[in-house]
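Bear in mind that the values in this text are calculations on the coordinates, not laboratory data. Because the structure is predicted, anything quoted here is derived from the model rather than measured. Here the Cβ positions follow ideal geometry from the backbone for every residue, glycine too, while neighbour counts run over all protein chains shown.
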2 protein chains.
Amino acid sequence: MSGSPLGADALDLLFRDARTYYSWDETPVTETELRALYDLVKMGPTSANASPARFIFAASADARAKLAATASAANAPKILAAPVTAIIGFDTKFYDKLPILFPPADARSWFAHSETVARETAVRNSSLQGAYFIIAARALGWDTGPMSGFDKAAVDAQFWAGTDVETNFICSLGKGTTEKLFDRLPRLSFEDAATIL
Amino acid sequence: MSGSPLGADALDLLFRDARTYYSWDETPVTETELRALYDLVKMGPTSANASPARFIFAASADARAKLAATASAANAPKILAAPVTAIIGFDTKFYDKLPILFPPADARSWFAHSETVARETAVRNSSLQGAYFIIAARALGWDTGPMSGFDKAAVDAQFWAGTDVETNFICSLGKGTTEKLFDRLPRLSFEDAATIL
């Protein structure tokens, strides 16, 4: 059941004052904190509870350097500076977990018959889960820096080799510092983006 | 800058106690409330601020009947019962708005050169915005019912004709009632979904 709306401070934290960060202070993100974050992210809704997102947290100096080497020139220093950057991927064979994740029906058969349907489902729903990751991190008091400027084939080869997972996007996590922030960019008006019928 | 973490009640509202709803009470969702929701959703981050999501809110009896006619047998009654169901689409020519949305650089050229890159960006980022929609609705005290069981070609033809927009997924909005809820389904453990390197 829905509850009382959140107050203005919470809406500011999650949406209105939150920004995409490019530089980070020294605050570490511990394994305990990553697990607490995952425990929120996993609860967000996905089609038939398919939960296709997979996460690699590049936290060690070695892992961050390896990830930075796959990134655009603009993004590499952001990755090196962040305490952790998450690689958010999708399991192209996510449907093999549906007998566990969706016991009420044979949901595996809804997706396993078609590589096109399976991939569309994996991309859409891992993107939803990537957004849950961003908002859940903010809810826990972290800042985020999502990025899509990297060599996907290189990240796939170096981080997901031997699995059925491919990379969707990456997202730094930590306590952001403000010196490299853009000015707030404009948004589309309701009239430009929405219609009520 | 990040702020204090939200309290347990807020995390419950957004993630832990929130559910996907299939039945709805009589509470209407007004235009004022849809605009307040959009004003949160639009602030969520997208690649180069591209903001490709477009929204049609099927709120009238006619619009809901038209949308229900495109849906799977399981989803049609859910649409008819909900006060409003949002059609969340993506503008395949989103890049034409980048001169307004991203003044610092010629971001249009990053996407307009390749239909593949543009479509991947539109799908990924409109999905992120769809997740912001779900979480922002919960933050405002609403329940949601996201669905992907519908005839995409029919929704595209009947709701987005004459535009460059295609449908991503649909999501009912209102005050849910609990009689048709599934039991809470299991989630993947941290070990099954995540690795720290």
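May I ask for the equivalent-ellipsoid semi-axes of segment B:1-71, computed as the square root of five times each C-alpha gyration tensor eigenvalue and listed largest first in whole Å?
28, 20, 12
Would you kindly work out, in nm and rounded to one decimal, the distances from the label point of B:Glu179 to those of the same position in each other copy, ordered shortest first, with label points 7 Å along Cα-to-Cβ?
The answer, with the shortest distance listed first, is 6.2 nm.
Quick query: amide H of B:Asn168 versus all other amide H atoms, modeled in the peptide plane; which residues come in under 5 Å with a sequence gap of 5 or more or a different chain?
Those qualifying (amide H under 5 Å, at least 5 residues apart or on another chain) are B:Ile88, B:Gly89, B:Phe90.
Could you work out which residue, out of B:Trp160, B:Trp24, B:Trp110, moves most in a Gaussian network model of chain B, that is, has the largest mean-square fluctuation with Cα springs under 10 Å?
Checking each option, the largest mean-square fluctuation is seen for B:Trp110.
Calculate for chain B the 222 nm mean residue ellipticity that helices alone would give, adding -39,500 (n - 2.57) per DSSP H run of length 4 or more and normalising by residue count, nearest 500 deg cm²/dmol.
-10000 deg cm²/dmol
Quick check for me: using +1 on Lys/Arg Cβ and -1 on Asp/Glu Cβ, what's the dipole size of the protein assembly as shown about its Cα centre, in debye to the nearest 20?
The dipole magnitude comes to about 160 debye.
What base-10 log of the normalised intensity I(q)/I(0) is obtained for the protein assembly as shown from the Debye formula, alpha carbons as equal point scatterers, at q = 0.12, 0.14 Å⁻¹?
Reported log10 I(q)/I(0), two decimals: -0.91, -1.30.
Less than 14 Å Cβ to Cβ from B:Ala136, Lys/Arg counted +1 and Asp/Glu -1: what total charge do the surrounding residues give?
+2
Of B:Ala139, B:Ala73, B:Ala118, which is the most mobile in a GNM of chain B whose springs link Cα atoms less than 10 angstrom apart?
B:Ala73
Please give the net charge around B:Ala193, taking every other residue with its beta carbon less than 12 angstrom from that of B:Ala193, where Lys and Arg add +1 and Asp and Glu add -1.
Taking every other residue near B:Ala193 into account, the sum is +1.
Treat every Asp and Glu Cβ in chain A as -1 and every Lys and Arg Cβ as +1, leave all other atoms uncharged, and give the resulting dipole magnitude about the Cα centre to the nearest 20 debye.
100
What is the antiparallel percent of DSSP beta bridges lying wholly in chain A, to the nearest 5?
Bridges in chain A that DSSP calls antiparallel: roughly 95 percent.
Give me the tail of P(r) for chain B as a percent: Cα-Cα pairs with distance above 23 Å.
50
Cut-off 10 angstrom, C-alpha nodes, Gaussian network model of chain B. Which of B:Pro77, B:Pro52, B:Pro146 fluctuates the most?
B:Pro77
Distances from B:Ala161 to the same residue in each other copy, label points 7 Å out along Cα→Cβ, in nm, shortest first?
5.3
How much net charge surrounds B:Ala76 when only other residues with a Cβ under 12 Å from its Cβ are counted (Lys, Arg +1; Asp, Glu -1)?
Spelling it out: positives minus negatives among the neighbours equals +2.
Debye calculation, C-alpha points only, no solvent: report log10 I(q)/I(0) for segment A:134-197 at q = 0.15 Å⁻¹, in the same order as the q values.
Rounded to two decimals, the profile gives -0.78.
Give me the count of lysine pairs in segment B:13-181 whose alpha carbons sit under 19 angstrom apart, restricted to pairs 8 or more positions apart or on different chains.
8
Could you work out how far apart the two model spin labels at A:Glu115 and B:Lys93 are, taking each label as a point 7 Å from the Cα in the direction of the beta carbon, and quote it in nm?
Distance between the two pseudo-spin positions: 3.3 nm.
Give the relative contact order (percent, whole number) for chain A; include only Cα pairs under 8 Å separated by 6+ residues.
Answer for chain A is 33 percent.
From the label point of A:Asp17, set 7 Å along Cα to the beta carbon, how far off in nm is each other copy's matching point, shortest first?
2.5
What is the Cα centroid distance between segment B:58-109 and segment A:72-116, reported in whole angstrom?
Cα centres, segment B:58-109 to segment A:72-116: 24 Å.
Sorted from fewest to most neighbouring beta carbons within 10 Å, what does the list A:Ile79, B:Ile135 look like?
Ranking A:Ile79, B:Ile135 by Cβ neighbours within 10 Å, fewest first, gives A:Ile79, B:Ile135.
For segment A:125-137, what does the Karplus curve 6.51 cos²θ - 1.76 cosθ + 1.60, with θ = phi - 60°, yield as ³J(HN,Hα) per residue in whole Hz, taken in order and with x for Gly and Pro?
Those phi angles translate into 6, 6, 5, 3, 5, x, 5, 4, 4, 4, 6, 5, 4 Hz.
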